[in-house]
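In what follows, a single structure is set out as structure tokens and then discussed.
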Amino acid sequence: MPFWLSITFTALYGLTILTLIIVVLSENRNPIRSLAWVLALAFLPGVGLLFYLFFGRSMKGRHMISRHNKRKLMRHHLSPPVDLNALDLPPSRRQLVKMARQLCHAPLTLNNTIEVFTDGVAKFDSLKRDLRNARQSILLQYYIFQDDKLGNEIADILIERARAGVMVKVIYDHVGSFGASRAFFKRMKAAGIDTHPFFRVTFPQLANRINWRNHRKLVVIDGTIGYIGGMNIADRYLGTPIPKGLKRRREEKRRAEGGVWRDTHFRLTGDIVETLVYSFAIDWNFMKKTPRFVAPHCKPSPHRNNVGVQMVASGPMEPYDNLSMMFLKAITCARRSVYIQTPYFLPTESLLRALEIAAMSQVDVRVMIPERSDSHMLQLASYSYVTQCLRAGIKVYFYEPGMLHAKVIVIDNDLVTAGSTNFDFRSLENNFECNLVVYDPAFNARMRDIFFTDLAHCRKITLTDWQRRPRLQRALESLVRLLAPIL
């Protein structure tokens, strides 16, 4: 390379690095994270720049749609706020309701029914039945929409309904659905289904989009039935449920054969469904090159049961980490118990401190994670937090029969939050997520019972046993933990 060209390239690279360092500092992020990016950019030539382009940039403060269009959608889809006095809520729960309203305009809805699914067979049987009965509209959004047996069954139903005159709209995450062929989605489009990828990743936009994932799983049918939770459309989510009275020897055999896939999903009816429609409409109108869309009005709920539910959405464009703040508020207000189920346990510093403080305050804090994860790297990263938790008095359990993919937090006697959000950096900071927040003692008791049913299939971890694990594993855990914010 000629000397003058080398000097020019070096000067341009140095100017680029200096500009990016100024950008990082001007964003006023967490000082530790900002310092890490400055050091990476300054002392890892090429590699630091590449990592920053893919994982370091912030989308905070950007708008998914204009404020004007957002207000129009809110007026069209969301009912006026209900009177908080209609529910017998303690002060801490009233504050949580108000906080969700402030963060993302999440209305509290009162008249709802919630059906819980803990295995994929029952959930997808119910979903397919409801889809076949659709008469007006189907709004379907999944992080993973795979073209396997289950995916093709769902696609066939959607195609049949579209040909029958039902309005069908589908959003899938482009990164999450990489495994599906183009022909699979073209087949749905050819049948009249509006099918669009969220954040399509193409070469010029690779660095701009690959780190941001739409992890939501929503379905709304005829404006009256909704689905939300942790299950995607793929055969592996049809994990075999655990038979009652399963013996440990049979558990060992089942694990050797691949194990169950344990997840949590909900079927909803009532006023909360309009909030799901609003969330779908926001995401649909955000996608470029798609026609503006306003969904039909939801029908008034026939229920009068005062089951209070909010749906809280979060994403990298929001000014705050909505669900992280909701989790933090709920945990710090816990008085008796905090029960967490999550496939990946990579808490932010503030959430880890909140759990430690709760446990040290004699709150019964229990964390359940899979003994064998679907991601070895995420499993190592999750394991790196176990010692810290045990020393603070947090009880840690490894779910043995298979992959635990449920994302549930049960707090005290009257609060449950569950949905698509893992208890990790990616879900809380980088992904587009949504969770239900349910304020109902009866529902709380049901979810608490499910937690303790799963607990019977777990191995409790003790600090003495945990400290005996191989040194190589400890070293790998510590190494992978450094990558926790971008995993």
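The values are calculated or read from the model by the stated rules, or taken from the named source; none is laboratory data. No experiment lies behind these values; they were computed from the predicted model shown. Note: ideal-geometry Cβ built from the backbone for every residue, glycine included; neighbour counts use all protein chains shown. Calculation scope for accessible area: heavy atoms of the full protein, side chains included, ligands and nucleic acids excluded. Shrake-Rupley method; radii C 1.70, N 1.55, O 1.52, S 1.80 Å.
Evaluating Q388 against the criteria (1) under 15 Å from P347 (Cβ atoms); (2) open to solvent by less than 30 Å² (accessible area, probe 1.4 Å); (3) assigned to a helix (DSSP H, G or I) leaves one unmet condition, (2).
Quick check: anything in the stretch 449-458 open to solvent by 60 Å² or more (accessible area, probe 1.4 Å), over 27 Å from A381 (Cβ atoms) and β-branched (V, I, T)? For the stretch 449-458, residues open to solvent by 60 Å² or more (accessible area, probe 1.4 Å), over 27 Å from A381 (Cβ atoms) and β-branched (V, I, T): present. Output the residue which, of all residues in the stretch 137-161 that are touching a strand residue (DSSP E or B) at 6+ places or on another chain (Cβ under 7 Å) and open to solvent by 20 Å² or more (accessible area, probe 1.4 Å), is farthest from W261 (Cα to Cα). Across the stretch 137-161, the extreme among qualifying residues is R161. Among the residues making up the stretch 319-377, those that are open to solvent by 40 Å² or more (accessible area, probe 1.4 Å), of a type outside the set (D, E, K, R) and within 22 Å of C104 (Cβ to Cβ) are P319, Y320, M325, L328, T332, S350.
Residues in the stretch 391-437 that are out of contact with any Ser or Thr (no Cβ under 8 Å at 6 or more places or on another chain) and assigned to a helix (DSSP H, G or I): R391, A392, R426, N430.
When the residues of the stretch 118-136 are filtered to those that are in contact with a Phe, Trp or Tyr (Cβ under 9 Å, 6 or more places away or on another chain) and open to solvent by 10 Å² or more (accessible area, probe 1.4 Å), the one that is farthest from G402 (Cα to Cα) is D130. Taken residue by residue, the stretch 475-485 has no member that is open to solvent by less than 10 Å² (accessible area, probe 1.4 Å), part of a loop (DSSP other than H, G, I, E, B) and in contact with a strand residue (DSSP E or B) (Cβ under 9 Å, 6 or more places away or on another chain). Across the stretch 211-242, the qualifying residues are those that are open to solvent by 20 Å² or more (accessible area, probe 1.4 Å) and not in a loop (DSSP other than H, G, I, E, B), and the one among them that is nearest to K128 (Cα to Cα) is I225. Scanning the stretch 73-117 for residues that are open to solvent by 70 Å² or more (accessible area, probe 1.4 Å) and either more than 17 Å from G226 (Cβ to Cβ) or at pLDDT below 90 (or both) yields R75, P80, P81, D83, N85, D88, P91, Q95, K98, Q102, H105.
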